Each structure stands twice: as structure tokens, then as C-alpha cells.
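Heads up, the thing below is written out as C-alpha cells.
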Amino acid sequence: MGTLNTVQEPGASVALHGFLPQESPLDMPVQPLRQSPPRAFAGNSTKAGLRRAFIFAGTGAMTMAGCYEMYDVLRVGGVTVLESIILALFVLLFAWIAFSFVSNVAGFFQLMLRTRDALGIDPEAPLPEIRGRTAMLLPTYNEDPYHIFARLRAICESVDETGQAEKFDWFVLSDTTDPAIWVAEEMCFLRLRQEVTCATVFYRHRPENTARKSGNIEDWVKRFGADYECMLILDADSLMTGDTIVRLAAAMDQHPKVALIQTLPIVVNAKTLFARSQQFAGRLYGPLIAAGIAWWHGSEGNYWGHNAIIRVRAFAQYAGLPELKGRKPFGGHILSHDFIEAALMRRGGWAVHMAATLGGSFEECPPTLLEFAARDRRWCQGNLQHLAVLPSHGLHWISRLHLLTGIGSYLTAPLWLMFLVVGILVSLQAQFVRPEYFPKGFSLFPTWPAQDPILAAWVFVGTMAMLIAPKLLAYIVLLTHGGARRKFGSSLRVLAGIIAETFLSALSAPVMMIFQSSAVGANLMGRDAGWQVQRRDDGAVPARYLLRRYSAPTFFGIAMALSAYAVSLPLLLWMTPVILGLLLAIPMGAFSSSSGIPLASSLFRTPEDIAPPAVIIRANELASGAEATISCPFLELRRNEILREAHLINQSGQRPRGRGEVDAHLAIARAKIEDAESFEDAVGYLTQREKFAVLKSPAILMPLLQLPQRTS
């Protein structure tokens, strides 16, 4: 990809000017949660009401049937207190499964009938012309800059191929706090500016990571938003085709009452067994799930935080997030901001849609289950924060349902755990507590404490069928769509992949149940999950880390196995699917984090593996020449005049500190620099936070760079 040291002066001068465009501020007021909304949302159509009636009537009917059957299982000999708890937990969990199942059935019929997109977006139609200007926003926080800019360049070039590149400006919005990554971002930006002339790219580094990603986007809206009709939000691992981007922008032109269109991101570039299974599942089952929710959500859709286009005016007017009262983890800035932003824009009268069948939208997946669980902890905290937003005035009831399902996606884990534990307690009670065969009062026959094992087996089979059926429905859709089937390769291979993926997900589900239950428990005890940078490498995990992280699921599996065996061997066999996943947590964790497994690449092949789109090929080609992150940012600034000048220009637009504002890290760094005899000594004295403070302060940075170097 070349280095900045080879940049020529004419190109450098072009790159240095216009780090940011002229500011065009847009007011973004904080939205009140306890007051009436500024305007009422639009009414729903009869068609939308009928669709939702189908979903909830189907869910209710299946839940009532499941509840009745479970009651039949437990009522033999009377329902004890523990059995009543089991019944209540079963009803909640079965309703959750039924709700998802009915939505997936709706998606199945939508895909089978090939229904038209609600917004008229047709990926096969000629590319439309767009009128409004769109800002492409890429927020980043301590991510690999070389891979980020490789993906960004690939998307820029793809948009240029549509012939409408002049309608887009590109912004890299950095919240990076690592000094080496920050300077590497500036290097990559200058290189992109010099080598890519088809796009207007800007870079802004925010000195304070206030409110994280949502604050990053809000800062851009307040400074530059008035110049743009729409903004398309990318993530650090996002990829989108120019065709898809133009169709989204055109749809916003054609539907002026729409505030947001969410695409379905497809996982690509998976390397490990875990990531490949996730990629396969998302690619095969994802369209079915998305088609179902898009069908009954209608104009009350949801937002997933990336790969979505948003009308800037609607976002600025209605999506300003308040800071929640109280301490972390439930108070403070909202972590899972996307659900809330969609709900507030819908409250303001704007429509939110999902383009379930558009395609051309991609992302990457965490390489291991442990990385997946680490990201999940942050999402868990963010979703549980939504408890404070649920009572907000004026929200559409579907928006409240989005918040509830987000909360429920994490609360179901401890509910399943409670269900299993109480089930074992019931069995232990029946085994070791002496039953009262002849209770007080007149009775012709003794009371035998028992459950109906045959009916229990049928309830279990029915529940499992509801979990597995959507996978088979997705397979049927694939078989009936010749083009999609050919893209996946052999239909028999896909079926084998479904079986293998189901087996792997069955083993990992109990482990995720423990991890998510632990995350919920930690939040309830007041622990903040923080904001860790997601790993996007090949998934290699040290053995010691594996043992430490998987020890809790393993010990829980041992305890569950011993308890079940203490009751009876049949109970142990009955619970084998859960116990096996927990007992095998460590070896499966090591195996699933391995890359280069031939069986995984064969079974879990997706269309993007067989015939990757040009934007993926280009991004991977650019990323393959990526360099290692620089080791000493100050040395790079010292020896590279172009980079140094660019860094200083980037800092010139920052707000100066007010009188009385003291940065303790900067003050200490200044004293260390003044005390140092050489450049190397000064850099060696500084801590990571002090280096970051110096990079933000040209007045301290320049004396550091001018210190003499040691001669030996």
C-alpha cells in the first residue's frame, strides 16, 4: 500500500488541506423521556394491524397449548410449589420461542411468495439517480486503522463505479485513545487522500470519548449535519456495495417521511470454526428472520446501529439521547443507543423501515465464542438500560416491544438457568423427600408424587421442533430459489451444514446461557461492563485464558451432572444435551477458535465464499498489504514533516481549555519532558495516558519533538 515517507510534496499539500469541511451546524436537542412527544406518530394501516394480529394470535395460541400440555405433565398427583415455578418459567420461555417461530413462519411465506419490498427497493432494477447529498460516517475507537481504511477505500471505489460518487462525502470519526493507533489513522488518512481521487474524505479526531459511539455521531451532526440530507452509518468492520448505497439513498429521496432504512448485514471473512458457523447460520437463516420482522414491523422498524441510512434532519430533531439518572451500569450514557434512537424518531412521526431483501451489506463476526460473549456483556448492559426508557411518554407500542425483546434476549438466559435448576430440585425432592402418601382427610387412594414422563417427552419434542423448524424452512426456501441454491453450491452440502451448525449451536447454547446469566447478574450487582475493543484476528486464544474463562460453565456442568445422576440415570440422560455442552466447554472452546479446519470451510460455505462480491475482494486485497501499527508515534511525527503538519492541523480546530481547567496527565507529561535530556528519555518517561495528552497539545508536543536524540 506504500508508506507516507514516499509521499511527494505536491500530493502532500493537497492532502493536508481540508482535514474537515466548513462547519454547518445543526441543533440536536436532548429528548425528554417523561414528557409528551413534540408530535404524534402516524396511524397504522389496517394491513399492518392484521399482520400483527396474526403474529400475536399465533403466539398466544401456541403458548396456551404449550402451557396446557405442561400443566398435564405436572398435575399428576397435584402441583407443588416448585412445580408451579417450573410451570410459570415454562410459559414465559415457551412464549418467547413461539413468538420467534410465528415471525419466522411469516418470513417463510414472504420469501416463498417473493413479495415486493415495502419501499419498492428492487435490487434487480436499473440503478436510480439520487438527488440529496449523503454523508458516509465511519466511527472508530482503537480499531486497526489499516484494515479500516482498506475497507473504506473499497467502498469508496464501489460507489465511484455507480457514477454518482459526487453525491457522497466520507467522514472517519475517530474516538481513538491509543496514541500509536491515532497517529497510524492520520497516516492512513493522508495516504487515502493522496491515492483516491474519486471521493472526498475527511478525518476528525475527538479528544474526549464522551457518550462513546452515540456521542461521536451527535458531535458530527451538531458540527456538519446541516449540509446533508442523509447519513449512512458504518461500523469498523462494515462493507457495503456502491449499488446498495445508491439504492438506499434513492429510497430516501422517494420516501420523504422515512427517517431510517436498516439493511441486513451478512457476515463475511470468517476464518475460525465458530465464526464460520455463525457466518453460515446468518447467511442461510438471516433472510428468513429479516423478512418476517420486516413484514409485521412495517414502518415501526428497528435500528441495529450500522449499515443503515438515516435522514439527518429527523435524527437531529428527535434522536438526541438523554443521560440516564443514577450510577452505572443502569445510569449514565446509553450504550445500546440504536434501539432508542429508532424509537424516538418513530415517536416524532417518522417511519423506520427494514430493507430485508436488498443485499450488498456485510460485516464481520467475532472469531471466538469468548469474544462474542465479551461483546455480548456490553450489549447486555446497554439493553438492560432500556428498562429506564420503557415508561417514556409517547412511544409507539411496537417501539416498546423492540425494547422489551432486547431486554428479554438477555433475561431469558437466567430464566432458562432457573428452569433447569428448579427442575433438578423437583426431581431431588421426589427422590429424597418422603412423600405423604395418605394425606389428612378422607381418601380412597394414596397420593403418588409423579409427573407424566411420556407427555413430558412430547412437550420436549414439540419445543425442540419449534427451535429447529425455522432452519428447515430456510432450507426449503433455498431449494425453491434456484439462483440462491446455486450460489450456496450443493443442496446436500447445505443440509449437512445445517446439521453440523445445529450440533455446534446446541453445544454452545448452554455455555452462552452461563455467560449471559453471569452478565445479567453482574449488572444487577452494579458492575460496569466497560467498552472493550473487539478482536477481529484469526481467533488464537492462550490455553490459560481458555481455562479461566470456561471454568465456570465446566464446574456448573459437573454440578448439574452429579445432581442429575443422584436422582437417576434416566434424568442424567434426559439432561445430556445441556450437560454435554457445559462439560465440553474447554475443548470445544479451543476447537471452535481454530482456523483453517478443512471440514468447516467445506460444510459452512456461503455464496460470499464461493463468488465474493467485488467490494469484498478489493477490501481483502488492500488489507493483505496492511502494516503493523507503529511502535512510537512521536518518532513518526518527528521524522515525517508531512505527517507532523497534518497532525497539528487536525488539532487546530479543537476547543481550547478554559481558564482553571487542568489536565493532570498533560501537566505531569510537561514536567517529565522538561526534565528529560533527550528525546528517547522523554518518550520513555511518559505513560500511555500522558502520551495521549501530549498528542492533543501542540504546545507540549513540539518541544518534545525538538529534543535532541541520543547519539549512541
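Just a few scattered comments:
- Contact order for segment 662-712, expressed relative to its length and based on alpha carbon pairs under 8 Å spaced 6+ residues apart, stands at 44 percent.
- Summed residue charge, Cβ within 11 Å of PHE362's Cβ, Lys/Arg positive, Asp/Glu negative: -3
- Volume per residue for segment 662-712 equals 63 cubic angstrom (convex hull of Cα atoms).
- Positive-pole candidate from LEU428, VAL221, MET464, dipole of the chain, charges at beta carbon: LEU428
- Relative to the longest principal axis of the Cα atoms of the chain, the long axis of helix 614-624 makes an angle of roughly 70 degrees.
- Within the chain, helix-based [θ] at 222 nm, where runs of 4 or more DSSP H residues each add -39,500 (n - 2.57), nearest 500: -19000 deg cm²/dmol
- Centre separation in Å (Cα based) which lies between segment 611-651 and segment 256-305: 31 Å
- Cα convex hull of segment 246-383, projected area averaged across orientations, nm²: 9.1 nm²
- If the segment from LEU547 to ALA509 were pulled out straight at 0.36 nm per residue, it would be longer than the present Cα-Cα gap by 11.8 nm.
- Compared with the dominant Cα axis of the chain, that is its longest principal axis, helix 242-254 is turned about 80°.
- The separation of segment 179-228 from segment 366-429, counted between C-alpha centres, amounts to 34 Å.
- Relative packing of peptides 86-92, 96-102 - highest average C-beta neighbours within 10 Å first: 96-102, 86-92
- Förster-model FRET efficiency, 30 Å R0, VAL81 and THR502, C-beta, rounded to 0.05: 0.25
- Counting only DSSP beta bridges with both residues in the chain, the antiparallel share comes to about 30 percent.
- Rounded to 10°, Cα long-axis angle of helix 664-675 versus longest principal axis of the chain: 40 degrees
- Distance from segment 324-338 to segment 457-532 (C-alpha centre basis), Å: 30 Å
- Relative contact order (%) - segment 92-225, alpha-carbon pairs under 8 angstrom, separation at least six: 25 percent
- The chain - percent relative contact order, Cα under 8 Å, separation 6 or more: 20 percent
Values quoted throughout were computed directly from the atomic coordinates according to the rules given, and no laboratory measurement underlies them. What you see is a predicted model; the values in this text were computed from it and never measured. Note that we place each Cβ from the backbone using ideal geometry, even for glycine, and neighbour counts take in every protein chain shown.
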